[in-house]
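Colleague: The structure follows.
Readers should treat all values here as calculations from the given coordinates under stated rules, not as data from a laboratory. This is a predicted model, so every value here is computed, not measured. So basically every Cβ, Gly included, is an ideal-geometry build from the backbone, and we count neighbours across all protein chains shown.
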Amino acid sequence: MAEIIIKQVAKSFGTFQALHSIDMTIRDREFMVLLGASGCGKTTLLRIIAGLETPSQGEVWIGGRRVDHLPPRERGIAMVFQNYAVFPHLTVFENIAFGLRMKKLPQQEIDKRVNRTAELMHIEQLLKRYSGQLSGGQRQRVAVARALAMEPDVILMDEPLSNLDALLRLEMRAELKGVLAESKSTAIYVTHDQVEAMSLADRISVMNGGKIVQNASPVEIYRDPAARFVGSFIGNPPMNFIKANRQDIGRWRVAGLDLYGPSHGASSLEFAIRPEDLTIGEGGFIATARVVEPLGAHTLVTCEVDGKPFRAVLDSDLKVAPGDVLTLIPKPDRIRWFDPETLLAV
Amino acid sequence: MSTLAPTDEPRAVGDTRRAGRWVFITATVMLMAWVLVPIYLLFVNTLSSPSEVSGFPKTGLPSFDFASVEFFLSFSGVARALWNSVVVAVLTMVLSIGIGAPAGYALSRFDFPGKEVFRMVVVMTRAFPLPLLALPLAVMFIRVGLDDTALGLAFVHTVLALPFAVLITFSLFSGIPIELEEAAWTLGCNRLQAFIKVVMPLILPGLVASAVFAFTISWNEVFAAAVLTIENRTLTAFLVQSLNVSPLHLKFAGGTALVVPALIFIFAVRKYLFAMWGIANR
Ligand SMILES: Nc1ncnc2c1ncn2[C@@H]1O[C@H](COP(=O)(O)OP(=O)(O)OP(=O)(O)O)[C@@H](O)[C@H]1O
Ligand SMILES: [Mg+2]
């Protein structure tokens, strides 16, 4: 059982506040992805959980034990570093065995575990090599194998795939998911790649400016962003936003359309819709197509609505040319509303 | 006023390149001669018979006569001085790495107030001329009973070698990514274990090189050695004192005895010294 609880953890470097009072619970054996733009504090949070950084305040609990005063080696964690940190003076075998030797396991057990994890990561033919003789992708596998061999309660990964090429990343992503689903470890995985996050996570924590903005399942994050930031950060192309003015209670005027919306007291809100939740029909937004990008199954059309760019993903059967005027109807159940003051969903 | 000077004719690029090569080769030869000719003469004269050394004309070739060397080695006090030199140099080596490496580690891994000042001060120790310090040092050593001991002299040599040890180890440690240590911590090591199992093996060659460097600094040092020791003279101090009044061929033998170990050591670790300077100059 290794549930991770983070209570009001904050971190400042000098006068710079990198993390603002983070609260988070990661369930036993869950695959949690920390997602956010560069510099939002993902690595800092991960390093605090690992014990490589001390929090300025707050508590970290792993498996019912408060660990924030313990050194990394007593926390039952293993970590995969962004630059792999494979020991250059040891062979792949000795790299994977390193932690096991520290645990003083019998040689027989070490051999067994090293061979098993090496097989799992498809590096069994590399065991005698040194890290200088490995490619980036192979080094990455060694780093993961080294962490897995420890059979840790918690495995922490900091952008482990970011240095790999696109194809290898795709392949490793699928493998990682399979391997970690079979292990008994709780996983925290840091990335700024939303596709990676979506495909791997049981749950995603979206971070922005040292805060957790939303913590939910991938689908929920995508469908029901809790904040404007999440809507604009997740999804490619991102959500469209249009200013909405209050007409009456629960009625909003959006780019010339009258729409039913929340009965909110504010005089204006932001209307939001995903580009793929638009259809062509009567009585929608009047949009002038500007750029047309065929993507195969779909066509991405960047239009102008109300003088602002507005994206729609349409069926590629539709023939659209730049300059065409389209009427785009938002699917009513997919419309979201954000408060322009708080930037949160209403 | 019609023609250009003939030397101003345009030249082929190859010409200038060849000229550049010329300068390069000449400079290299001159530098090598500057170092090698004295060493060669030293060897020739050491390996010639006493009469050849003071005679004329010279052949310029050694006659492999070991009389001078034998006489030198049996010269009373030489063996003892040699031993003292080794003891002091080894002590210096151990002390300067023992003190310098932790300081270099701290400089490269920790942020602490006054770090830059500390680095400056480390280098500043070389700014005080030894002759200025020698007399007060000698007085102090006599007071605490360190005068005329290997340990006392090793302390002084350590002060001389320490700035190098600190700066060299600083760049060695800075060349090891901190993630390697952090990875070791997460894999069950404490700070010391991570250092021994991960950092040490990686910096060992460089560390050996800087230890040898400290050794040669001590081995070659003459001033402090001459002032601070009387009975327990190191080879340098002994030679400076006794060879002034010795015949020429003995001076050559003594010179060789000093140069050879230093040469061998530096030669053995040359690769690491170059690498070290490469890092240190960054
Ligand atoms: N040791 C440090 N001293 C000062 N500031 C730091 C330190 N470490 C991190 N920071 C700052 O804290 C903020 C968060 O850093 P962090 O490394 O956690 O970002 P990140 O989300 O992992 O970004 P990336 O995706 O680029 O890795 C950044 O603005 C960074 O400049
Ligand atoms: Mg990071």
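Colleague: Of the options A:Phe271, A:Val291, A:Gly323, report the single residue whose Cα projects farthest towards the positive end of the charge dipole of the range A:240-338 (beta-carbon charges: Lys, Arg +1; Asp, Glu -1).
Modeller: The listed residue farthest towards the positive side: A:Phe271.
Colleague: Against the globular-protein guess of 2.2 N^0.38 Å, express the Cα radius of gyration of chain A as a ratio, rounded to two decimals.
Modeller: 1.19
Colleague: Pop the C-beta distance of A:Lys112 and A:Asn163 into the FRET formula with R0 = 45 Å and round what comes out to the nearest 0.05.
Modeller: That gives a FRET efficiency of 0.90.
Colleague: While we're looking at this one, here's another question. Can you compute the equivalent ellipsoid semi-axes for the range B:8-67, i.e. the square root of 5 times each eigenvalue of the Cα gyration tensor, sorted largest first and rounded to whole Å?
Modeller: 42, 11, 7
Colleague: Just checking the output field for A:81-87: average partner chain Cβ neighbours within 10 Å of each residue's Cβ?
Modeller: Mean inter-chain Cβ contacts per residue within 10 Å come to 5.
Colleague: Beyond 27 Å, how much of the Cα-Cα pair distribution for the range A:206-334 remains, as a whole percent?
Modeller: Here the tail beyond 27 Å accounts for 23 percent of pairs.
Colleague: Dipole magnitude of the range A:230-346 about its Cα centre, charges +1 at Lys/Arg Cβ and -1 at Asp/Glu Cβ only, in debye to the nearest 20?
Modeller: 160 debye
Colleague: What would the Debye formula give as log10 I(q)/I(0) at q = 0.09, 0.16, 0.22, 0.23 Å⁻¹ for the alpha-carbon point model of the range A:1-114, no solvent?
Modeller: -0.31, -0.87, -1.25, -1.31
Colleague: In peptide B:174-182, what is the residue-averaged number of other protein chain Cβ atoms found within 10 Å of each Cβ?
Modeller: Mean partner-chain Cβ count within 10 Å for B:174-182: 4.
Colleague: In chain B, with Lys and Arg counted as +1 and Asp and Glu as -1 at Cβ, which of these residues, B:Gly77, B:Leu250, B:Phe223, has the Cα nearest the positive end of the dipole, that is, farthest along it?
Modeller: The listed residue farthest towards the positive side: B:Phe223.
Colleague: Sticking with this one: Tell me the mean residue ellipticity at 222 nm calculated for chain B from its helices only (DSSP H runs of n ≥ 4, each -39500 (n - 2.57), averaged over every residue, nearest 500).
Modeller: One gets -24500 deg cm²/dmol as the mean residue ellipticity at 222 nm.
Colleague: Before anything else, pin down the relative contact order of chain B: Cα pairs under 8 Å, at least 6 apart, normalised by residue count, whole percent.
Modeller: Across chain B, relative contact order equals 27 percent.
Colleague: Average partner chain C-beta neighbours within 10 Å, per residue of A:98-105?
Modeller: 4
Colleague: Continuing with the same structure: Report, by chain and number, residues whose modeled amide H sits under 5 Å from the one on A:Tyr189, excluding near sequence neighbours (fewer than 5 apart, same chain).
Modeller: Correct list: A:Met32, A:Val33, A:Leu34, A:Met157.
Colleague: In µm²/s, what is D for the range B:140-218 at 25 °C and 0.890 mPa s, where D = kT/(6 pi eta Rh) by Stokes-Einstein and Rh is the Kirkwood radius from Cα pairs?
Modeller: It diffuses with D of about 168 µm²/s by this estimate.
Colleague: Expressed as a rounded percentage, what relative contact order does chain A have, with Cα pairs under 8 Å and six or more residues apart?
Modeller: Reported as a whole number, the value is 15 percent.
Colleague: Order these peptides, A:103-115, B:215-227, A:272-284, B:171-183, by their mean beta-carbon neighbour count within 10 angstrom, highest first.
Modeller: Top to bottom by mean Cβ count within 10 Å: B:215-227, B:171-183, A:272-284, A:103-115.
Colleague: Rounded to the nearest 500 deg cm²/dmol, what is the calculated helix-only ellipticity per residue at 222 nm for chain A, with -39500 (n - 2.57) per DSSP H run of length n ≥ 4?
Modeller: Result for chain A, helices only: -7000 deg cm²/dmol.
Colleague: Hey, another quick one. So which of A:Lys243/A:Lys331; A:Lys42/A:Lys103; A:Lys103/B:Lys271; B:Lys197/B:Lys271; A:Lys42/A:Lys184; A:Lys42/A:Lys308 end up more than 27 Å apart, counting from Cα to Cα?
Modeller: With Cα atoms farther than 27 Å apart: A:Lys42/A:Lys103; A:Lys103/B:Lys271; A:Lys42/A:Lys308.
Colleague: Now, a different point. Taking just the alpha-carbon atoms of chain B, what radius of gyration and Dmax come out, in angstrom?
Modeller: 24.8, 86
Colleague: Quick one, could you list the DSSP H helices from chain B stretching 27 Å or more along their long axis (Cα atoms) with average Kyte-Doolittle hydropathy of 1.6 or above?
Modeller: B:150-174, B:248-268
Colleague: Quick one: plug the Kirkwood hydrodynamic radius of the protein assembly as shown (C-alpha pairs) into Stokes-Einstein at 25 °C, 0.890 mPa s, and report D in µm²/s.
Modeller: 78 µm²/s
Colleague: Considering amide H positions built from the backbone, and no H for Pro or chain starts, which residues 5 or more places from A:Val213, or on another chain, come under 5 Å of its amide H?
Modeller: So A:Val213 has HN proximity to A:Val206, A:Met207, A:Asn208.
Colleague: Next question. With an 8 Å Cα cut-off and a minimum separation of 6 or more residues, compute the relative contact order for the range A:1-108 in percent.
Modeller: Contact order relative to length: 25 percent.
Colleague: Can you give the translational diffusion coefficient of the range B:77-242 in µm²/s, computed by Stokes-Einstein from the Kirkwood radius over Cα pairs at 20 °C and 1.002 mPa s?
Modeller: 125 µm²/s
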